[in-house]
Amino acid sequence: MASRLAQPRTTGTYVRRLLVVGYLFLLVIWPVALVVQKTFEGGLDNLQTALSDAVVTDALQLTVVVALWAVAINTVFGVGISLLLVRYEFPGRGVLSALIDLPLSVSPVVVGLALLLAYGGTNGTFGPALEDAGLQIAFATPGIIMATAFVSLPLVIREIVPVLHEIGTEQEQAAKSLGAGAWPTFWRITLPSIKWALVYGVVLSLARALGEFGAVKIVSGNVAQQTQTATLVVEQKYQDFEQGSAYATSFLLALIAVAALVVVTILRPKDDTDGD
Amino acid sequence: MTVDTPLAPGAARKRRARSTTSLTRSSGLGLGIALTWFSLLVLIPLSLVVIQSIDGGWQTFRETLTNPQTAAALRLTVTQALIVTAINVVMGTVIAWVLVRDSFPGKRLLEVVIDIPFALPTIVAGLVLLSLYGPDSPLGVNVANTERSVFLALLFVTLPFVVRTVQPVLMELDRDVEEAAASLGASRFTTLRRIILPSLAPAITAGAALSFARGISEYGSLVLLSGNLPLKTEVASVRILTYIENGNEAAAASVATILLLVALAAIVLLQILSKWVARRG
Amino acid sequence: MGIEIRGVNKNFGDFVALQDIDLSIPSGQLTALLGPSGGGKSTLLRIIAGLESSDSGTIEIEGLDATGLPAQKRNVGFVFQHYAAFKHMTVEKNVAFGLEIRKKPKAEVKKRVAELLKLVHLEQFSHRLPSQLSGGQRQRMALARALAIEPSVLLLDEPFGALDAKVRKELREWLRRLHDEVHVTTVFVTHDQEEALEVSDSLVVINEGRIEQIGTPDDLYDRPASEFVLSFLGPVTRLGDKLIRPHDIDITRYEHAATASGRITRWTRVGFEIRLEVTPDDVLHPDPVQVILTRTEATALQLHEGDMVWLRPRAGAEAALAR
């Protein structure tokens, strides 16, 4: 496809290419490379210092737990709501479809504020009642999970919905006419067809979940070794002039996110909906 | 497509279009659960922000907005987000163009580079920019604690939006149409202006809206970079945080509501603009 | 027996797709639902399969009331215009799908799939993915997949519509032979009258949500019940006050009990066929009359463009309809 689309090369082609590469180099490539370089300035010292610091390891552990929960919730919710939006007709479908994107336009700080107003232990609308029932949300892990799930909510949906539209319903109908009920049709036909879009959506969600900062900062209370996540540790370490640990923790966070993206970009077939 | 006459040849397509069914009992249950979760997580908390700002009354609202520090923060946020979005419209489209139409070694790498600002934790994004444009800059450019740092941070975190919305549309764009325009005597520039840009307009708009919305709501990448200097580099999100930390939730909600309204206005405005460009082509 | 359809209605919003359809489709036959696009024939087929629900009416398949049954319990084989191949499964897996859903023993599935692939001549492609097959091969795979479940009826929705002319003709003949071997009650939807006339035992012409006529290909071609059926099944021209097929007109160079006379104003040759347009002198019917004859006939009559000719219906021309 690329060769068919390739244009005859003119001076403009090279100017554009140079412009784009230069822009991306100065904005992304070089700065990222410098962080990697700074992380390894003293060999593996920075990483070792960071990883032997209980504050850092506890935060990393909390981040991973929170991210996994948030991604799991978003995956189940995302697949379900995508199927409902694309395959079913119900009143308010258009409104719901527009509202789903809302979390992408809301400041993380506003997300934190919103969750505090709803689930805050003292002034929240539902917070006190839930705390009486023994469930603390704000300044505890459930609140951090909710904040993380909030900010990454649309990512899975945005990847799956176009693919569901694209594949149409014929394969699902064929499966039905061959005797497959709703569940086998989903597992054996629909899910394999949206597999790559789903994986990509999950990876984006994971990256976003690992990296959430603003919303978590407000909802978590930022207590070291209890409700402090990895991104909050980066801020604290940097401000405490423990820059080596800040860089090392950043590097680990970035590594997971970028590695997942790269692996998916490489593995994902160029055009997985192609066929006829 | 919805106005197809019964005998139109598009009947097969029409049948695909009505491939939805009404809710069954189990899908209805699923919808109920999904809506409950969505309401508890997103709708109710966000509504509470708006309610809180109204509850505070017009008085609080006005006091908050006329506070010089808050007003300056809002002005800075919106101005920088606008500039950055304008740059993204141009650069994002050019990047998408190069990624789709050009081919050279290392292009695949650029694809990953585009996603990095999205994948990187925002706090790390700030740290990353600080390494090249901070006090120890190998380039000798230090933007830390200046207005330019806000600009730079927003440019970094909003990079993927226009690129990623324009790219698929450009891929689908029929080369035949461009060739037809050329065969009819249109110059490269005329083809670009009359044929390509109008088809890309909706995608560019969508990307610009996302980019602007992200821009005015950015927080994490600025924490380490901008220094949050009142009246100088403090953005709206930081103001909200300060209000929350001071226990002034009503004022925080007021600024938050303004941000939501600005984002909404931008989305509507860009929609109108996109329709205008598409029609004018 | 076969398929009994009683009083079926279907609306999409305010568009009437099907109106009071009553139809008996006999067991073991190959029946074509023929009509223009958007006329409701595909909707009827999908209602029989349970892929669409009717607003009212009942469907009986081989003596079993299927009206309320979902598609997966009707045991019908359905073949889609765009194949609906399961893109992530090999040919073999596609064909085995229905049997695996029915939890048949592995050995039996394997044996049956091999048989079917042989039947549709795809034995050597069993491990390929659908994307590695041609359109015709994909459609044969889809047919094998539908036949695997031993359906009580086989339904085909414009099965050759997405294929090019040559492959379409081959597959059409092949479907006819296959049906002679398998004898499953088969209904297929098409808008191509030639396809319907060539393949089917009986034809149902559907237009604007209603059945226009039911009968054998000969019945419909020779004794059309309406102007619509006449014109839909082949070319039609108006001679005097009658609608007639262009090849059912006798053309002579002298006046002999003629219905009309006029000059040849257009002459087109397509292979062995000569298509003429004769503009009549008749002031009451001044529209040009289409006439088709073979090259041999035209040569024998020494016809040329601009010649004066006389026209009349050919003896035994049955498919004529007085207006």
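When the stretch A:117-128 is filtered for residues that are closer than 9 Å to B:Leu48 by Cβ and more than 7 Å from every other protein chain (Cβ to nearest Cβ), only A:Gly124 remains.
Determine which member of the set B:Ala206, B:Ala213, B:Ala182 is in a helix (DSSP H, G or I), within 12 Å of chain A (Cβ to nearest Cβ) and either in contact with a strand residue (DSSP E or B) (Cβ under 6 Å, 6 or more places away or on another chain) or buried (at least 24 other Cβ atoms within 10 Å of the Cβ) (or both). Steps first, please.
Working: B:Ala206 fails: either in contact with a strand residue (DSSP E or B) (Cβ under 6 Å, 6 or more places away or on another chain) or buried (at least 24 other Cβ atoms within 10 Å of the Cβ) (or both); B:Ala182 fails: either in contact with a strand residue (DSSP E or B) (Cβ under 6 Å, 6 or more places away or on another chain) or buried (at least 24 other Cβ atoms within 10 Å of the Cβ) (or both).
Criteria check complete, one pass: B:Ala213.
Checked against the criterion of being in contact (Cβ under 8 Å) with a residue 40 or more places away in the chain and either within 13 Å of chain A (Cβ to nearest Cβ) or within 30 Å of A:Ala260 (Cβ to Cβ) (or both), the candidates B:Ala72, B:Ala119, B:Ala81 yield just one match: B:Ala81.
Let me confirm something: among C:Arg128, C:Arg138, which residue is crowded, with 20+ Cβ neighbours inside 10 Å and either in contact with a helix residue (DSSP H, G or I) (Cβ under 7 Å, 6 or more places away or on another chain) or at pLDDT 90 or above (or both)?
Numbers: C:Arg128 fails: crowded, with 20+ Cβ neighbours inside 10 Å.
Result: C:Arg138 is the single residue among C:Arg128, C:Arg138 that is crowded, with 20+ Cβ neighbours inside 10 Å and either in contact with a helix residue (DSSP H, G or I) (Cβ under 7 Å, 6 or more places away or on another chain) or at pLDDT 90 or above (or both).
The number of residues in the stretch B:217-256 that are free of Cβ contacts under 8 Å to residues at least 60 places away in the same chain, over 19 Å from B:Glu63 (Cβ atoms) and within 10 Å of another protein chain (Cβ to nearest Cβ) comes to 1. Screening the stretch C:54-69 for residues that are in contact (Cβ under 8 Å) with a residue 24 or more places away in the chain and touching a helix residue (DSSP H, G or I) at 6+ places or on another chain (Cβ under 9 Å) and picking the one that is farthest from the other protein chains (Cβ to nearest Cβ) gives C:Gly57.
Checked against (1) under 28 Å from A:Thr227 (Cα atoms); (2) more than 25 Å from the chain's Cα centre (by Cα); (3) not in a helix (DSSP H, G or I), A:Gln136 passes all but condition (2).
Within the option set C:Gly316, C:Gly306, C:Gly209, C:Gly215, being surrounded by 19 or more Cβ atoms within 10 Å (Cβ to Cβ) and among the small types (Gly, Ala, Ser) holds for one residue only, C:Gly209. When we screen C:Arg138, C:Arg145 for residues that are closer than 26 Å to C:Ser53 by Cβ and within 11 Å of chain A (Cβ to nearest Cβ), the only hit is C:Arg145.
Go through the stretch C:98-120 and give me each residue that's within 22 Å of C:Gln137 (Cα to Cα) and charged (D, E, K, R). Before the answer, list the steps.
Step one: list which residues in the stretch C:98-120 are within 22 Å of C:Gln137 (Cα to Cα), which gives C:98-99, C:109-120.
Listed by number, the residues that qualify are C:Lys110, C:Lys111, C:Arg112, C:Glu115, C:Lys118.
Quick check on C:Thr265: is it among the β-branched types (Val, Ile, Thr) and in contact with a Lys or Arg (Cβ under 6 Å, 6 or more places away or on another chain)?
Values: among the β-branched types (Val, Ile, Thr): yes; in contact with a Lys or Arg (Cβ under 6 Å, 6 or more places away or on another chain): no.
Judged against the criteria, C:Thr265 is not a match.
When residues in the stretch C:70-119 are screened for being of a type outside the set (A, V, I, L, M), under 28 Å from C:Gly2 (Cα atoms), within 7 Å of another protein chain (Cβ to nearest Cβ) and more than 30 Å from the chain's Cα centre (by Cα), 1 of them pass.
Against the condition at pLDDT below 90 and not acidic (Asp, Glu), how does C:Gln81 come out, does it pass?
Working: at pLDDT below 90: yes; not acidic (Asp, Glu): yes.
The answer is yes for C:Gln81.
Here the stretch A:73-88 is the region considered, the condition is being facing chain B (nearest Cβ under 9 Å) and in contact (Cβ under 8 Å) with a residue 60 or more places away in the chain, and the residue that is surrounded by the most Cβ atoms within 10 Å (Cβ to Cβ) is A:Ile81. Looking at C:Asp282, C:Asp222, C:Asp287, just one residue is within 30 Å of C:His191 (Cα to Cα), in contact (Cβ under 8 Å) with a residue 40 or more places away in the chain, among the acidic types (Asp, Glu) and surrounded by 13 or more Cβ atoms within 10 Å (Cβ to Cβ), and that residue is C:Asp222. Restrict the check to the stretch C:86-96 and report whether at least one residue is touching a Leu at 6+ places or on another chain (Cβ under 9 Å) and within 14 Å of C:Ile48 (Cβ to Cβ). No, there is no match, as no residue in the stretch C:86-96 is touching a Leu at 6+ places or on another chain (Cβ under 9 Å) and within 14 Å of C:Ile48 (Cβ to Cβ). For the stretch A:123-170, a residue qualifies if it is of a type in the set (S, T, N, Q) and touching a Leu at 6+ places or on another chain (Cβ under 8 Å), and the qualifying residues are A:Asn123, A:Thr125, A:Gln136, A:Thr141, A:Ser152. For the stretch A:137-160, a residue qualifies if it is under 19 Å from A:Ser105 (Cα atoms) and not hydrophobic (A, V, I, L, M, F, W, C), and the qualifying residues are A:Thr148, A:Ser152, A:Pro154, A:Arg158, A:Glu159.
As a summary of the residue check, C:Gly63 satisfies the conditions (1) surrounded by 16 or more Cβ atoms within 10 Å (Cβ to Cβ); (2) at pLDDT below 90; (3) under 22 Å from C:His183 (Cα atoms) except for the one numbered (1). When you scan the stretch A:89-104, do you find a residue that is facing chain B (nearest Cβ under 8 Å) and in contact with a strand residue (DSSP E or B) (Cβ under 6 Å, 6 or more places away or on another chain), even just one? Yes. Checking B:Ser103, B:Ser131 one by one, the residue that is among the small types (Gly, Ala, Ser) and surrounded by 20 or more Cβ atoms within 10 Å (Cβ to Cβ) is B:Ser131 and no other.
The one condition from (1) touching a residue at least 12 places away in the same chain (Cβ under 8 Å); (2) facing chain A (nearest Cβ under 10 Å); (3) farther than 28 Å from A:Val35 by Cβ that B:Asp55 does not meet is (2). Being more than 8 Å from chain A (Cβ to nearest Cβ), crowded, with 19+ Cβ neighbours inside 10 Å, touching a helix residue (DSSP H, G or I) at 6+ places or on another chain (Cβ under 6 Å) and modelled with pLDDT of 90 or more is the requirement here; does B:Thr93 meet it? Answer is yes for this residue.
C:Phe12 fulfils the conditions (1) modelled with pLDDT under 90; (2) touching a strand residue (DSSP E or B) at 6+ places or on another chain (Cβ under 9 Å) except for a single criterion, (2).
List the helices (runs of 4 or more DSSP H) inside the stretch A:185-276, counting only whole elements, that have at least 2 residues being surrounded by fewer than 24 Cβ atoms within 10 Å (Cβ to Cβ).
Passing ranges, in order: A:191-211, A:230-239, A:243-267.
The values are calculated or read from the model by the stated rules, or taken from the named source; none is laboratory data. This is a predicted model, so every value here is computed, not measured. Here Cβ is always computed from backbone atoms with ideal geometry, including for glycine, and neighbour counts include all displayed protein chains.
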